[in-house]
Amino acid sequence: QLQASGGGLVQAGGSLRLSCAVPGSMAVWNSIDWYRQTPGKQRELVASINSGGTTNIAASVKGRFTISRDNARNTVKLVMKGLKAEDTAVYYCHGRRWSLDYWGQGTLVTVSS
């Protein structure tokens with residue numbers, strides 16, 4: 001199971017680092033992504049990194065969020081800087097492997113203004 005961690009309460013302008021622990025070898029995962037969701041809204045793709053290391057960052061967070069992976073530790077990190085109140089959400093780690101989708105539990109990020 002994917003395991004997301006690192007959420008918490010932070011003031012606007014602050015930073016947080018989320019971590020997604022990925023089971024097994026990173027090589028078998030087509031992509032690992034971070035999504036976020038707020039009540040009443042659809043889950044939104046925030047950032048993704050594929051098996052080749054190519055990253056994709058949503059326009060709403062570009063320049064503030066970065067995604068990276070540590071193959072040796074089987075983790076994918078989402079570093080969030082310059083956080084805004086609108087970044088408040090439950091953040092989910094998602095992985096795609098052999099055409100199947102896997103979701104981790106969410107981790108809550110709350111940004112106080």
Protein accessible area in the chain, 1.4 Å probe - carbon and sulfur %:
49
Antiparallel as a % of all DSSP beta bridges within the chain, to the nearest 5?
90
Heavy-atom accessible area per residue of the chain, all protein chains kept, 1.4 Å probe, expressed in Å², is 53
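The values are calculated or read from the model by the stated rules, or taken from the named source; none is laboratory data. Computed from a prediction, not measured in an experiment: that's the story for all the values here. For accessibility, only protein heavy atoms count, side chains too; no ligands or nucleic acids. Shrake-Rupley method; radii C 1.70, N 1.55, O 1.52, S 1.80 Å.
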